[in-house]
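Readers should treat all values here as calculations from the given coordinates under stated rules, not as data from a laboratory. Being a predicted model, the structure only gives us computed values, none of them experimental. Here the Cβ is made from the backbone with ideal geometry for all residues, glycine too, and neighbour counts use every protein chain on show.
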Amino acid sequence: MSETLSSIPAEEYAKRVLPLTAPLWANGRTFDAYVSQTLQLARTDYGKKHYQTLGLRSGKAIVASFKRYERIAWLRSNRLASIGIGAVFTPPEQRGRGYASAMLAMALDIAKSQRFDFAYLFSDIHPQFYRALGFVELPSRLISFRADALSQTRIDVAPMTQKDWPAIRRCFDATQSLRDWGFERGPAFWKWLQSRIQHGSEHTSGHAVHLVVRRGRGIAAYVFGQREPAHDAYVLDEFGFAGEKDRRLVAPLLRAAAGDLRKITGWLPPDNVRGLLPRGSVRKRKDATLMVAPLSARGKKFLERAKTTGAADGVWSTDHI
């Protein structure tokens, strides 16, 4: 029987795939919350236009599945089309038959024929599986440092509110403008990201602490993260600032977010802001390893730039899919 790659409607995916993947990716959420939040993301503007759940079908059986995301990246003055691959899954009874490899190979061939420049993913298994498909491993590290290593300059901070999202987007854009490559975030993607952050689906414990420094009606700096008292740590997801003079706000803002917790940890941030954090302890991540497969000449150039991040990483943890 031949296999075909096709879309899995969101409701079918919820019924046939999510019950199997919940033990892996529900991250402490109830099953009902896991399903509800997955469907909510699919129904956002970004989800409707740039996100799909796809599966390899053999007859009526779904023998492998994954999530496909479309993102625009840039390299200096060039804009590139990319696809992100997430939640690759094969049911236990179908494993060992090469279904996932065949499914992803088909997906990459289709993306190349559609003139996408590269594919990317965050591997939670041994990267060798994806290397065989043409993916190249990129620097993916964690940093940990003492909170008291940061400036304790007193600044006025406030919890982020729903009204702050447009100003946070402007801060992010200002911070990103200091880089020569990365992923774009349009309005639809920001709403999708907003939903994901509100779900807290990337964290298994603790509680969210997102803070801002206000300036009039605007925001001078922000931080997303999670307080995890059980680990005596504030887990940093992302930060940004409105202008060059606001860089000095990042350290005391992070210090305020940590509060009485001893350390700050998280993904090593991108090169344009890496210098705002202490050196700390840096080690390779055991999961969520960023990998890229070029699909065009421009995609190859993007990959070469992404490999040269030095003492920094290429993306924020908020880019994880």
Legend entry - Restraint check, 15/300; 48/112; 163/301, Cα-Cα greater than 28 Å: 15/300; 163/301
Inset, instruction - Indicate the gyration tensor shape class of the stretch 76-137 (rounded, prolate or oblate), computed on the Cα atoms with a ≥ b ≥ c the square roots of the eigenvalues: a/c under 1.5 is rounded; otherwise a/b larger than b/c is prolate and the rest oblate. - result: prolate
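Specify whether the C-alpha gyration tensor of the stretch 212-296 places it in the rounded, prolate or oblate class, a ≥ b ≥ c being the square roots of the eigenvalues: rounded for a/c under 1.5, otherwise prolate if a/b is larger than b/c and oblate if not. Display every interim value, and only then the final one.
Details: a/c = 2.07, a/b = 1.21, b/c = 1.71.
Since a/c reaches 1.5 but b/c is at least a/b, the shape of the stretch 212-296 is classed as oblate.
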Legend entry - Axial C-alpha extent at least 15 Å, average Kyte-Doolittle at least 0.0 - helices from the chain (DSSP): 31-42, 99-113
Legend entry - DSSP-assigned coil residues among trypsin sites (Lys or Arg not before Pro) in the stretch 237-271, each with at most 15 further Cβ atoms within 10 Å: 262
Inset, instruction - Under 1.5 on a/c is rounded, so check that first for the chain, then, if it is not, pick prolate when a/b is larger than b/c and oblate when it is not; a ≥ b ≥ c are the square roots of the alpha carbon gyration tensor eigenvalues. - result: prolate
Inset, instruction - State, in angstrom, two size descriptors of the stretch 143-284 derived from its alpha carbons: Rg to one decimal place and Dmax to the nearest whole number. - result: 14.3, 40
Inset, instruction - Rank these for me by crowding, 320, 50, going from fewest to most other beta carbons within 10 Å. - result: 320, 50
Inset, instruction - Quick one: check the C-alpha center-to-center distance for the stretch 46-97 versus the stretch 255-277, whole angstrom. - result: 31 Å
Inset, instruction - Please give, to one decimal in nm, the separation of the simple spin-label points placed at residue 296 and residue 97, each 7 Å out from Cα toward the Cβ. - result: 3.6 nm
Legend entry - Estimated [θ] at 222 nm from DSSP helical runs (n ≥ 4, -39500 (n - 2.57)) normalised by residues in the chain, nearest 500: -8500 deg cm²/dmol
Legend entry - Total formal charge among the other residues, if their Cβ is under 10 angstrom from that of residue 50, Lys/Arg +1 and Asp/Glu -1: +2
